[in-house]
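Here is the structure we will look at.
The values are calculated or read from the model by the stated rules, or taken from the named source; none is laboratory data. If you're wondering where the values come from, they're calculated on a predicted model, not measured in any experiment. No Cβ is skipped: glycine too gets one built from the backbone with ideal geometry, and neighbour counts run over all protein chains shown. Remember, those area values only see protein heavy atoms, side chains included, never the ligands or the DNA or RNA. Shrake-Rupley method; radii C 1.70, N 1.55, O 1.52, S 1.80 Å.
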Amino acid sequence: MSLPRLQNTAARRIFLDRHALLEPPQGAAHGSDLLKLIERLGFVQLDSINTVARAHDLILFARKPRYRPQHLKQLYERDKDLFEHWTHDAAVIPLQFYPQWHMRRTRDAAKLRKQWRNWRRGGFEEQLQAVLDHIRDAGACGSSDVGRGEARGSGGWWDWHPSKTALEYLWRSGALHVVGREGFQKRYDLTSRSLDTDLWSSDVAPTETETIDWSCSGALDRLGFATSGEIAAFWGHATSAEVKAWCANALQKGAIEEIEIVGADGSLKRAFARPGILDDPAADTVAPARLRVLSPFDPALRDRKRANFLFGFDYRIEVFVPEAKRIFGYYVFPLLQGERLVGRVDMKAFRGKDTLRVRALWPEHGVQWGKGRQSALEAELDRIKRLAGVSEIRFEPDWLKPSMQHQFG
């Protein structure tokens, strides 16, 4: 029996819809409107690199150009509608989801104690109580406020001083709560002092079965269609075996169905979806033609294999690649236009010179960079420069590069 088949154009549209990229980028971008967007996405990844704007700011700006960084800070620190924890990486997450992290925190309590003991973090366990006592007495603090006098290394996460490691462990396992950031440095306070009891108490926490169901259902709804591995990777809560078991059970109950997705190259991949996805209204909705700069950590792109399959966009971030071996650049931004990823741009804000400098742009294979697309780029950069905090745009000589195909092999 043949499976329902979702053609590539329809698959792209549904995927973009689930990532809030199918509708025109407009509307209010603060308070409850911003919270609704983050709830729709599930979470927003945090990252400190600020070549143009930080990842979380650009993720939100790409969908709501009226967004400014203070809007997220207010929602997080003043309104306390978000909390910070781990999904696949550090992220801000709607506070209403906090109980669903009970399983993650409980599992991390055992896993991280063992792992971190063996990763050049000797002595952190002896500091756990002292760190808790310090915060209980002195109030919220950052890593620079604890462990004075301890040996400190390079500052890399593999070389934290013991009290810094203790802070992170107590946060990841639930005793501490991140209440905000100063200069991108986290500030921690007691969870029991920061949150209502019904959010963090183990007495009212969801069971593991309930959390796995919530995680798998929420991941699939936010992806549109996904393999069990993609579902597992979304929040990072459940194990591969747990997700496979959930998929088998949901399939048997008729809560999901198996379909085939047509990739950008015509290849087929099996995935799970909600019944009737072929009739999803998003499949017939044409994406706006506006060009948008995306963060390398945009939720629509963080699964590089999925982006390559759906859009034919072969991408990796080269931050950790030695400069001589980089193909494009240190921090290169993907460009989305309509339903296509049309290129990537290497650019940086030089705030001391009040300039956004475009160093290079590579159109994707088969993309013509004519006057219309250039005008669309310049209009987007004019919007981006405000987020970046500069007023001028400068294109370097020979900035437009030949298109490339199968860049990373």
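Evaluated against (1) surrounded by fewer than 19 Cβ atoms within 10 Å (Cβ to Cβ); (2) at positive phi; (3) not aromatic (Phe, Trp, Tyr), Gly42 falls short on exactly one condition, (1). Residues of segment 252-284 that are closer than 16 Å to Phe225 by Cβ, open to solvent by less than 60 Å² (accessible area, probe 1.4 Å) and either outside any strand (DSSP E or B) or modelled with pLDDT under 95 (or both): Ala255, Ile256, Gly263, Ala264, Ser267, Gly276, Ile277, Asp280, Ala282, Ala283. Remark: pairs (first residue in segment 40-63, touching a residue at least 24 places away in the same chain (Cβ under 8 Å) and within 25 Å of Lys353 (Cα to Cα); second residue assigned to a loop (DSSP other than H, G, I, E, B) and aliphatic (A, V, I, L, M); Cβ separation under 6 Å; 6+ apart in sequence or on different chains) = His56/Leu46; Ala62/Leu294.
Of all the residues in segment 1-34, those that are open to solvent by less than 40 Å² (accessible area, probe 1.4 Å), in contact (Cβ under 8 Å) with a residue 60 or more places away in the chain, not aliphatic (A, V, I, L, M) and not in a helix (DSSP H, G or I) number 2. The number of residues in segment 201-216 being open to solvent by 40 Å² or more (accessible area, probe 1.4 Å) and farther than 20 Å from Glu39 by Cβ comes to 6. Considering only residues in segment 320-348 that are open to solvent by 10 Å² or more (accessible area, probe 1.4 Å) and in a strand (DSSP E or B), the one that is farthest from Val286 (Cα to Cα) turns out to be Lys348. When each of Ala388, Ala379, Ala307 is tested for being of a type in the set (Gly, Ala, Ser) and surrounded by fewer than 17 Cβ atoms within 10 Å (Cβ to Cβ), the lone residue that passes is Ala379.
Looking at Gln127, Gln100, Gln115, just one residue is polar (S, T, N, Q) and at pLDDT 95 or above, and that residue is Gln100.
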